[in-house]
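The values are calculated or read from the model by the stated rules, or taken from the named source; none is laboratory data. Remember, it's a predicted structure, so these values are computed and weren't measured experimentally. Virtual Cβ from ideal backbone geometry, glycine too; neighbours counted across all protein chains shown.
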Amino acid sequence: MSGIVFYVLVYTHWLKRHSTQNIVIGGAAGAIPPLVGWAAVTGDLSWTPWLIFLIIFLWTPPHFWALALMIRDDYESVGVPMLPVVEGDEATVRQIWVYSLLLIPTSLLLVYPLGTNGALYGAIALYLGTQLLHRAWRLLQAPSDRILAKSLFKFSILYLMLLSAAMVIDVLPAVSPSSQGFIDQIERLFHAIPMVGI
């Protein structure tokens with residue numbers, strides 16, 4: 001509920017119309033769902049959901065600023081002070097680069113030191129990160145190129161989706177090194193079910 005209130009009241013009605021940092025601060029609202037989901041399922045908030053929160057928080061500026069570069073004229077015509085409108089394309093692209101650089105090592109913290117995910121997730125996160133950095137670097141070389149901004153924007157959607165899928169797939173029992181405990185639990189469950197008619 002706090003995420004919805006923050007997004008609607010603080011971000012949409014106040015920040016979006018008054019600050020070039022609206023995306024950064026609004027990113028916190030967009031990053032709250034993993035905290036809520038984790039707390040609902042586990043009953044606590046360990047370091048893992050906070051790190052997922054941070055990943056989404058750091059992902060938000062490159063994603064939305066790439067979009068803002070694409071539709072800069074629309075934001076300008078309605079008076080929304082998005083970073084490209086107020087500070088220009090070059091300043092925006094420099095910020096995209098900085099947030100992208102911070103995002104990649106942050107995403108790998110789920111492997112080490114947390115150990116929440118393993119090598120499969122780590123390899124996927126590293127590959128996706130290099131692809132995101134490549135697009136951000138190309139945009140850094142040509143800040144006004146709307147085609148490069150669109151490429152980064154579209155890839156950022158794929159990046160977060162595939163990164164999230166990798167988090168899940170990496171901990172599935174068939175993939176996870178700790179799957180033997182899960183298999184033992186399943187076997188105990190099947191032995192506990194009466195075999196009717198067999």
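Worth pointing out:
Results for (1) more than 27 Å from Val171 (Cβ to Cβ); (2) in contact with a Phe, Trp or Tyr (Cβ under 6 Å, 6 or more places away or on another chain), shown as yes or no for each residue.
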{"residue": "Val85", "(1), (2)": "yes, yes"}
{"residue": "Gly88", "(1), (2)": "yes, no"}
{"residue": "Gly115", "(1), (2)": "no, no"}
{"residue": "Gln131", "(1), (2)": "no, no"}
{"residue": "Lys150", "(1), (2)": "yes, no"}
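- Across the stretch 88-116, the qualifying residues are those that are modelled with pLDDT of 95 or more and among the polar types (S, T, N, Q), and the one among them that is surrounded by the most Cβ atoms within 10 Å (Cβ to Cβ) is Ser107.
- Search result, residues across the stretch 60-87 that are within 21 Å of Arg135 (Cα to Cα) and free of Cβ contacts under 8 Å to residues at least 12 places away in the same chain: Ile71
Per-residue answers, yes or no, for (1) more than 26 Å from Pro113 (Cβ to Cβ); (2) modelled with pLDDT under 90; (3) in contact with a strand residue (DSSP E or B) (Cβ under 7 Å, 6 or more places away or on another chain):
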{"position": "Ile23", "(1), (2), (3)": "yes, yes, no"}
{"position": "Gly27", "(1), (2), (3)": "no, yes, no"}
{"position": "Ala39", "(1), (2), (3)": "no, no, no"}
{"position": "Thr48", "(1), (2), (3)": "no, no, no"}
{"position": "Leu58", "(1), (2), (3)": "no, no, no"}
{"position": "His63", "(1), (2), (3)": "yes, no, no"}
{"position": "Leu67", "(1), (2), (3)": "yes, no, no"}
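- Residues located in the stretch 86-119, provided they are part of a helix (DSSP H, G or I) and of a type in the set (Asp, Glu): Asp89, Glu90
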